[in-house]
Amino acid sequence: MTSPTQTLADLGEFGLVAALAERFTQGENVILGPGDDAAVVAVPDGRVVVSTDVLVDGRHFRRDWADAVDIGRRAAAANLSDINAMGGHATALTVGLAAPSDLPVAWALGLAEGIAAEADLVGASVVGGDLTAADQVVVAVTVMGSVDGEPVRRTGARPGDVVAIAGRQGWAAAGLAVLGRGFRSPRVLVEAYRRPEPPYAAGAQALRAGATSMIDISDGLLADIGHLAAASAVAVDVRAGAFEIPEPLQAVGAALGADPLRFILGGGDDHALVATFAPGSVPTGWREIGTVGIGSGVTVDGGEYDGPRGHTHFDH
């Protein structure tokens with residue numbers, strides 16, 4: 001039993017490990033869960049899809065902007081979305097936590113609760129991880145999964161394909177803009193930043209529909225479409241008019257004196273999916289937003305876009 005004032009130093013590494021393990025239920029794919037040197041997870045067809053993300057306090061999240069449960073959900077969502085973008089199904093996660101010794105135990109347990117809750121949405125289990133002391137909080141999550149058939153890669157887009165999106169886009173970016181100005185409303189946008197809602201069913205749906213390429217939107221819509229275009233050696237033109245701009249984004253744009261379309265075109269962290277399809281094969285629930293052509297790069301309405309395209313790591 002832990003108390004609200006207990007810190008990591010008070011509980012100790014192994015006490016915290018035991019407390020965390022109690023938060024993680026194990027699914028049917030887990031042969032051996034937390035507690036040994038390594039976990040053992042069943043792999044149905046002998047292939048494993050793997051992705052890792054690292055989140056650093058003050059850069060990827062702020063503890064004064066979101067509670068531990070929401071940060072845990074964000075950390076898990078970022079990884080689960082990568083498996084989704086391959087058309088796959090996540091089965092297991094491992095979590096590394098580096099933290100100061102005076103971090104409240106309750107915060108670490110809340111983080112675990114959020115990770116477990118997000119993993120539950122797709123039937124994945126947290127099967128292990130690692131703990132260490134550090135000057136700031138760092139969360140590293142690795143997710144493993146499987147794909148029914150060949151994974152959808154970034155490299156298959158072809159001239160003549162259409163570009164489509166699944167999931168909400170621009171909400172998290174607008175929420176971040178609100179928080180960055182010291183506000184907490186519109187609440188729906190702040191909550192979108194704190195707790196993304198990736199379209200977890202859409203990845204496998206796109207695979208079944210014959211998607212030629214796919215990527216999740218983590219850094220920014222135009223930036224990530226740019227990665228897809230470069231990998232496929234094609235050009236992509238995005239139609240600005242294809243997007244509906246919800247009222248909350250319009251309200252924030254008006255309040256900040258910004259074009260709300262910029263949240264959609266340059267925003268990340270909603271973890272929407274963008275995929276390319278042969279004409280006429282876009283599945284239900286996806287919105288067509290552009291076309292694939294010969295050449296390179298990403299344009300908007302046939303021309304260069306002068307707004308932000310997305311986040312770039314290691315910028316000054």
If we ask which residues in region 44-55 are exposed (fewer than 14 other Cβ atoms within 10 Å of the Cβ) and over 15 Å from the mean Cα position of the chain (by Cα), their number turns out to be 4
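Please verify whether PHE14 is assigned by TED's automatic domain parsing to the domain that holds ASP120, out of contact with any helix residue (DSSP H, G or I) (no Cβ under 9 Å at 6 or more places or on another chain) and either closer than 16 Å to GLY129 by Cβ or assigned to a helix (DSSP H, G or I) (or both), treating the condition exactly as stated.
yes
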The one condition GLY310 fails out of (1) surrounded by fewer than 16 Cβ atoms within 10 Å (Cβ to Cβ); (2) part of a loop (DSSP other than H, G, I, E, B); (3) in contact (Cβ under 8 Å) with a residue 12 or more places away in the chain is (1)
Reported set for region 73-111 where residues are under 17 Å from the mean Cα position of the chain (by Cα), in contact (Cβ under 8 Å) with a residue 60 or more places away in the chain and part of a helix (DSSP H, G or I) is ARG73, ARG74, ALA75, ALA76, ALA77, ALA78, ASN79, LEU80, SER81, ASP82, ILE83, ASN84
>> Condition (residue is touching a Lys or Arg at 6+ places or on another chain (Cβ under 8 Å), among the small types (Gly, Ala, Ser) and within 16 Å of GLY203 (Cα to Cα)) applied to region 118-137: is it met by at least one residue?
In response: no
Of those in region 232-256 that are on the phi < 0 side of the Ramachandran plot and assigned to a loop (DSSP other than H, G, I, E, B), the residue surrounded by the most Cβ atoms within 10 Å (Cβ to Cβ) is VAL234
How many residues of region 78-112 are among the acidic types (Asp, Glu) and surrounded by 19 or more Cβ atoms within 10 Å (Cβ to Cβ)? The answer is 1
Note on VAL282: of the conditions (1) among the hydrophobic types (A, V, I, L, M, F, W, C); (2) closer than 26 Å to LEU176 by Cα; (3) assigned to a loop (DSSP other than H, G, I, E, B), unmet is (2)
Problem - Verdict on ALA229 being surrounded by fewer than 20 Cβ atoms within 10 Å (Cβ to Cβ) and farther than 22 Å from ALA68 by Cα - result: no
Residue hits (region 113-137; buried (at least 17 other Cβ atoms within 10 Å of the Cβ) and β-branched (Val, Ile, Thr)) are ILE115, VAL122, VAL126, VAL127, VAL137
Screening ALA223, ALA240 for residues that are assigned by TED's automatic domain parsing to the domain that holds GLY180 and in contact with a Leu (Cβ under 7 Å, 6 or more places away or on another chain) leaves only ALA240
The residue that is nearest to ALA85 (Cα to Cα), considering only those in region 167-185 that are at pLDDT 90 or above and part of a loop (DSSP other than H, G, I, E, B), is GLY167
Is it true that VAL30 is surrounded by 11 or more Cβ atoms within 10 Å (Cβ to Cβ), over 23 Å from the mean Cα position of the chain (by Cα), over 30 Å from GLU150 (Cβ atoms) and not assigned by TED's automatic domain parsing to the domain that holds VAL190?
no
Of VAL292, VAL274, VAL300, VAL282, the only residue that is under 22 Å from the mean Cα position of the chain (by Cα) and either aromatic (Phe, Trp, Tyr) or at pLDDT 95 or above (or both) is VAL274
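The values are calculated or read from the model by the stated rules, or taken from the named source; none is laboratory data. Since we're looking at a predicted model, the values are computed, not measured. All Cβ positions, even for glycine, are placed from backbone atoms using ideal geometry, and neighbour counts span all protein chains on display.
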